[in-house]
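The values are calculated or read from the model by the stated rules, or taken from the named source; none is laboratory data. Bear in mind that the values here come from a model prediction, so they are computed numbers and not experimental data. Here the Cβ positions follow ideal geometry from the backbone for every residue, glycine too, while neighbour counts run over all protein chains shown. Side chains are part of the model used for accessible areas, which takes the heavy atoms of the whole protein and leaves out ligands, DNA and RNA. Shrake-Rupley method; radii C 1.70, N 1.55, O 1.52, S 1.80 Å.
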Amino acid sequence: MELHSLKYEQDERLMRCFGNLDKAKSEVEFAHKKVRYFKDSLNLNNEFSNSAGLNSVPISDKSVYRKNFPAGILSEGSSLKDPYVSRLQSSGTSGERLVSVIHSFKLAERMANCLSINPAFQYLSKVPRIKTCRYAAPNCSDVECANPRSTMQDRILADGTLVLPVYHDLLTTPDSMLRMAFDELHSYEPDLWYVDPMHLSILIKKAKSEGWAFDLDRKFSVLLTYTFATRALLRQISELCAGHAPVASVMAMSEFGFVGLGCEHGNLHLNDKDYFLEFIQMEGTHPDDNLWELVITSIGDRLCPHIRYQTNDIYHLHGACDCGNSMPRVSFLGRSKDLLRLPSGKYITPGSLDEVVGAPKWIDIYQLTEQEVGAYIFRFTGNKDCFSDAEKSQLRQKLQALLETENVRVDDVNYFPFERGGKFQLIRKS
Ligand SMILES: [Zn+2]
């Protein structure tokens, strides 16, 4: 499974790479020849022609693609006006927002290769025009999803995706908007629910309490994305969908489209056909910590190649998966900005926190807040009927061990603040 295992020479950080290195190097050469930014900034010296070579190329990031958009990062001869050029917009506040352009055939190819990871989703590759309902925090100025008076027609994107109505502060969403989302999820008859697991869980909970029955007889699939799918959220979604609709987490980025998918065993695999994947050991960690930052080089992107693009996503790497798929098996742990570092140097990731919390029936949503170094509050909402004092005190002990301090409070709450733009942080600093 592992094709290359290289030493990262600049700063002695280990790297593990997956995919076709020759194709990645051809991508760099193409960018150097045809893309203005790389033409001006890259110096493909002798080191590049060495067998490893790729790691002599500087790592690029969002700012490169934002500052040089569009003329500096599009290949010579291509234009935003070309038919089949899709524009994807990232979430984030307006100053950080990034517009990415991808050829729609490339987007479809990447999606198909990712869907091939999980047999339950493969039929979607053959659906001529997948009807999708998107239900997630509004990342849009392009659609009026957060306006309670918007109609369904206002929220249908050019590709036929219906964006369900959402409120900026999820937990205070007016009932009328939840009902509208529930109704449209049925009346639009989507093939695919492309959803934020937290948004879907709120809708499931509301439907349960109001006696709204989901129609589970229609064939549809559920892909979870946007925020970290905690075990507690997966439990709630699986209670609704098990035996009716396949559910998997998808790793998607507005810069690339689909990057990976959860397999039938629930393990995430990343696509190493359409991308060259470089996992770089996180600074200040030991290889046994198994914390890796992902850097992606696109393969065969003749419109806007991405060269050693820093994703800021942190992963665990695992060995081969029982599903038999050869694409690398990983766990997504969170974004680098969402990590805490303890005084001992140990990192706490959303993934390591979630492993400790698990999916007890009395927790639906939770959040860990660092009040100051060494002092934490774990807040949760959930089903009070299932609450167990003994389990709560066990959880507190586990959190104390994880966070290396006695100073951990565990509080039952009714509300969580959401970031501007409607994103939820599993770990926050006050
Ligand atoms: Zn697998």
(message) Suppose we keep just the DSSP beta bridges with both residues in segment 340-429; what percent of those would be antiparallel, to 5?
(response) 55
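Quick one: order HIS168, HIS306 from most to least accessible surface, probe 1.4 Å.
Details: HIS168 100, HIS306 5 Å².
Reading off the accessible areas and sorting them downward yields HIS168, HIS306.
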(request) Report the far tail of the P(r) of segment 198-317, meaning the percent of Cα-Cα pairs longer than 25 Å. (result) 38
(request) Would you please classify the overall shape of segment 153-246 from the alpha carbon gyration tensor, given that a ≥ b ≥ c denote the square roots of the eigenvalues, rounded means a/c under 1.5, and beyond that prolate means a/b larger than b/c while oblate covers the rest? (result) rounded
(request) Go through segment 117-210 and name the trypsin sites (Lys or Arg not before Pro) that are in a DSSP coil and have 13 or fewer other Cβ atoms within 10 Å of their Cβ. (result) ARG129, ARG149
(request) Pop a pseudo-label 7 angstrom from the Cα along the beta-carbon direction at both CYS386 and ALA359 and give the gap in nm to one decimal. (result) 0.9
(message) In whole Hz and in residue order, list the ³J(HN,Hα) couplings for segment 219-227 that follow from phi through the Karplus curve 6.51 cos²θ - 1.76 cosθ + 1.60, θ = phi - 60°; x for Gly and Pro.
(response) 7, 8, 10, 10, 10, 9, 7, 6, 10
(request) Using +1 at the Cβ of each Lys and Arg and -1 at the Cβ of each Asp and Glu in the chain, identify which of ALA120, ILE299, LEU14 lies farthest towards the dipole's positive end. (result) ILE299
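Tell me the mean residue ellipticity at 222 nm calculated for the chain from its helices only (DSSP H runs of n ≥ 4, each -39500 (n - 2.57), averaged over every residue, nearest 500).
Values: 10 runs with 103 residues, N = 430.
Here the helix-only value at 222 nm equals -7000 deg cm²/dmol.
Taking a probe of 1.4 Å, how large is the accessible area per residue of the chain, in Å²?
Working: 19390 Å² over 430 residues.
Dividing the accessible area of the chain by its residue count gives 45 Å².
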(request) Starting from segment 11-86, pick out the trypsin sites (Lys or Arg not before Pro) whose DSSP state is loop and whose Cβ has at most 16 other Cβ atoms within 10 Å. (result) LYS81
(request) Sort the chain into rounded, prolate or oblate with this rule: let a ≥ b ≥ c be the square roots of the eigenvalues of the Cα gyration tensor; rounded if a/c is under 1.5, and if a/c is not under 1.5, prolate when a/b is larger than b/c, oblate otherwise. (result) oblate
(message) Starting from the 7 Å offset along Cα-to-Cβ, what nm value, one decimal, do you get for the label separation of ALA320 and GLN122?
(response) 1.9
(request) On each of the three principal axes of the Cα atoms of segment 181-224, give max minus min coordinate, whole Å, ordered largest first. (result) 26, 20, 15
(request) Can you tell me the dipole magnitude for segment 125-214 around its Cα centre, using point charges on the Cβ only (Lys, Arg +1; Asp, Glu -1), in Debye to the nearest 20? (result) 220
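Is the shape of segment 83-122 best called rounded, prolate or oblate, per the rule: a/c under 1.5 gives rounded, else a/b larger than b/c gives prolate, else oblate, with a ≥ b ≥ c the square roots of the Cα gyration tensor eigenvalues?
On the way: a/c = 4.77, a/b = 1.76, b/c = 2.72.
The shape class here is oblate.
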(message) From the C-alpha coordinates alone, can you work out the Kirkwood hydrodynamic radius of segment 340-430, in Å?
(response) 13.6
(request) Towards the positive end of the charge dipole of segment 340-429, with charges on Cβ (+1 Lys, Arg; -1 Asp, Glu), say which of VAL408, SER344, THR381 has the farthest Cα. (result) SER344
(message) Using the basic label-point model (7 angstrom from Cα toward the beta carbon), what is the ARG129 to SER90 distance in nanometres?
(response) 3.2
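Give me the percent of the accessible area of segment 340-429 that comes from carbon and sulfur atoms, probe 1.4 Å, all protein chains in place.
Details: 1910 of 4410 Å².
The value for segment 340-429 is 43 percent carbon and sulfur by accessible area.
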(request) Distance between Cα centroids, segment 6-83 to segment 248-278: provide it in whole Å. (result) 21
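Out of all DSSP beta bridges in the chain, what portion is antiparallel? Express it as a percent rounded to 5.
Working: 50 of 72 bridges.
Here the antiparallel bridges make up roughly 70 percent for the chain.
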(request) Name the long-range amide H neighbours of LEU98: under 5 Å, sequence gap of 5 or more, or other chain; modelled H, no Pro or chain starts. (result) SER90
(message) Below 8 Å between Cα atoms, with a sequence gap of 6+, how large is the relative contact order for segment 62-102 in percent?
(response) 36
(request) Loop sites only, by DSSP: take the GluC sites (Glu not before Pro) in the chain that have at most 14 other C-beta atoms within 10 Å and name the longest stretch containing none of them. (result) 77-282
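Counting pairs of alpha carbon atoms under 8 Å apart in space and at least six apart in sequence, what relative contact order in percent does the chain give?
Values: 803 pairs, mean separation 68.7, N = 430.
Value for the chain: 16 percent.
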